[in-house]
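This report concerns only the one structure given below.
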Amino acid sequence: MRFLTYRTVDTTGLGLVAANGEIHGLASDDDYFPGELLSLLHRGGDVLTRAATTLERHGKVLDEADIAYLPPIPSPGKILCVGLNYRDHAEEAGMAIPSHANVFARFATSLVGAGQPIILPHDSDHLDYEAEFAIVIGRAGRRIEAAAALDHVAGYALFNDGSLRDVQLRTSQWVLGKNFDATGAFGPWLVTSDELPPGCRGLRLTARLNGATVQDGSTDDLLFDVPTIIQQISAVMTLEPGDVIITGTPAGVGMARRPPLWMKAGDTIEIAMEGLGRLRNEIEEE
Ligand code: MG
């Protein structure tokens, strides 16, 4: 099942992408509105399946031109990010191969939906892309064993971990360079894990900047795979439904190129992964 969160001029809603590509949506003030994704995930059980049935049965067919995509979960309780999780990217960045998942945080103000502008702030012109996939937690847990970790995953989505490199790297902590408003593109959909290989193994992950392929990796090259990431993070903190973990990026980022390749106003960046669709955003100046 592919779910999206959207807004129209006067409301927000939940949509389901049908097998034929049609979007069936219900606005939050419509009869039968099943609830926002975050609250559905908190309710647990087979609630996503029931929401999909409701949307199929009662949803209006929406024209993509009439909606704006929001992040599938606009305000997750946590957004955790794994850095340097592909060997070739750690090497191109001149950083050591980490012995443990290297985790930093993002906050909801940094998120932006598919098709919405990524904002290049006044403060920097070193705006870089990072093609990633995100894990969305479905079932809460603490000290989750790797062998059971995938039972805690509701689904996956594309993510572009947009980074202001000069701000990111001027201190040892990366949080500020990774949290400018509207730099973390997330979407277009949450795809439930039953539609993907376990842990999203064996999938091609790419980034295209203005149509040219700049990243082309495989999720088989993750240093820490989905179960290991969940095990290491949940050893520290309770993971809750709707929490988002982004999993790192393969080689090809702009900062590693000579000369560096920064995104500028008017550029289009598109992240794609088999099974998760395409996440396309334009760059706009603040
Ligand atoms: Mg990243």
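Residues are listed down the side, and each one gets a yes or a no for (1) assigned by TED's automatic domain parsing to the domain that holds Arg280; (2) of a type outside the set (S, T, N, Q); (3) touching a Phe, Trp or Tyr at 6+ places or on another chain (Cβ under 7 Å); (4) surrounded by fewer than 23 Cβ atoms within 10 Å (Cβ to Cβ):
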{"residue": "Tyr6", "(1), (2), (3), (4)": "no, yes, yes, no"}
{"residue": "Gly21", "(1), (2), (3), (4)": "no, yes, no, yes"}
{"residue": "Tyr32", "(1), (2), (3), (4)": "no, yes, no, yes"}
{"residue": "Gly45", "(1), (2), (3), (4)": "no, yes, no, yes"}
{"residue": "Thr54", "(1), (2), (3), (4)": "no, no, yes, yes"}
{"residue": "His58", "(1), (2), (3), (4)": "no, yes, yes, yes"}
{"residue": "Leu84", "(1), (2), (3), (4)": "yes, yes, no, yes"}
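Scanning the stretch 167-193 for residues that are within 16 Å of the ligand (Cβ to nearest atom) and open to solvent by 40 Å² or more (accessible area, probe 1.4 Å) returns Leu169, Gln173, Val175, Leu176, Phe180.
Among the residues of the stretch 81-111, count how many are of a type in the set (A, V, I, L, M) and out of contact with any strand residue (DSSP E or B) (no Cβ under 8 Å at 6 or more places or on another chain). Before you say what the answer is, go through the steps one by one.
Here is the first cut: in the stretch 81-111, the residues of a type in the set (A, V, I, L, M) are 82, 84, 90, 93, 95-97, 101, 103, 105, 108, 111.
When the remaining residues are screened for being out of contact with any strand residue (DSSP E or B) (no Cβ under 8 Å at 6 or more places or on another chain), the result is 90, 93, 95-97.
Of the residues in the stretch 81-111, 5 are of a type in the set (A, V, I, L, M) and out of contact with any strand residue (DSSP E or B) (no Cβ under 8 Å at 6 or more places or on another chain).
Go over the candidates Ala105, Ala90, Ala101, Ala18 one by one and state the one that is touching a helix residue (DSSP H, G or I) at 6+ places or on another chain (Cβ under 8 Å) and closer than 19 Å to Ile229 by Cβ. The match here is Ala101. Put simply, of Ala154, Ala105 the only residue that is under 18 Å from the mean Cα position of the chain (by Cα) and either on the phi > 0 side of the Ramachandran plot or surrounded by fewer than 19 Cβ atoms within 10 Å (Cβ to Cβ) (or both) is Ala105.
From the list Asp225, Asp221, exactly one residue is out of contact with any Cys (no Cβ under 6 Å at 6 or more places or on another chain), within 18 Å of His89 (Cα to Cα) and open to solvent by 50 Å² or more (accessible area, probe 1.4 Å). Which is it?
Values: Asp225 fails: open to solvent by 50 Å² or more (accessible area, probe 1.4 Å).
After ruling out the rest, the residue left standing is Asp221.
Whenever a residue of the stretch 256-277 is in the same structural domain as Gly113 (by TED's automatic domain parsing) and closer than 23 Å to Asp166 by Cα, its partners that are among the β-branched types (Val, Ile, Thr) and open to solvent by less than 50 Å² (accessible area, probe 1.4 Å), lying with C-beta atoms within less than 6 angstrom and at least six residues away or across chains, give the pairs Met263/Ile283; Ala265/Ile283; Asp267/Ile283.
The values are calculated or read from the model by the stated rules, or taken from the named source; none is laboratory data. All figures in this text were calculated on a predicted structure; none of them were measured in a lab. All Cβ positions, even for glycine, are placed from backbone atoms using ideal geometry, and neighbour counts span all protein chains on display. Just the protein is used for accessible areas: all its heavy atoms, side chains included, with ligands, DNA and RNA removed. Shrake-Rupley method; radii C 1.70, N 1.55, O 1.52, S 1.80 Å.
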